Amino acid sequence: MKKLKSGNFAVNFRAKDFNGKQINPVDFRGSKILLSFFRGASCPFCNMRLRELIAKHDEFENNNLKVICLFNSTNEEITMHAGKQNAPFSIISDPNGEIYKLYGIESSHTGMLKAMMKPLKMIKMMTSGFFNMKSISDKPLIPADFLINEKGLIHRAYYGKDFGDHIEIEEIKKWINNY
């Protein structure tokens, strides 16, 4: 699995989101894209981040940024967990990790341990309302985020270091406002 870098073209794919809508990033040319990869749909860290993205949706839309999220879960699992948040953007089910492979998303048990070594992050996760035991059995995928410009080029490829490590919201906001 080769990691993508700034300046690479985003890898194209076709998929249906968990609501059945056909998604192809090429269809979003002319808009900026945040392509965000998560672990499983029951992951509390993932659901906390999803909640952040939902809260920023209007600001992102007003600045021509489209959000596309992927979960290494089935449509049914997304419906039972992350889908309950009613995200106003597409959430794609990729249970076999086919799109994850295209983007060089990695697994790491060390990433789980790194997250567990951050007490404040763990307390926030435990009290988020998203904690559940199901997520323990999810694959130990490490999240990644890609900021893709209007021409389909990756502006920033961010590969997380632990289960809850995503590109900072402030960095996304700076990019959409200054790029």
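The values are calculated or read from the model by the stated rules, or taken from the named source; none is laboratory data. Quick caveat, the model's predicted, so the values are computed rather than measured. So basically every Cβ, Gly included, is an ideal-geometry build from the backbone, and we count neighbours across all protein chains shown.
Hey, which of the helices (runs of 4 or more DSSP H) in segment 21-102, taking only ones fully inside, have at least 3 residues that are touching a Phe, Trp or Tyr at 6+ places or on another chain (Cβ under 6 Å)?
Here the list reads 44-55.
When you scan segment 20-46, how many residues do you find that are crowded, with 23+ Cβ neighbours inside 10 Å and either farther than 20 Å from SER108 by Cβ or at pLDDT 95 or above (or both)?
Qualifying residue count for the region: 5.
Would you confirm whether any residue within segment 113-130 is touching a strand residue (DSSP E or B) at 6+ places or on another chain (Cβ under 6 Å), more than 23 Å from ASN19 (Cβ to Cβ) and at pLDDT below 90?
No - not one qualifying residue is present in segment 113-130.
Quickly run through segment 80-104 and pick out the residues that are at pLDDT below 95 and crowded, with 16+ Cβ neighbours inside 10 Å.
Hits for segment 80-104 are HIS81, ALA82, GLY83.
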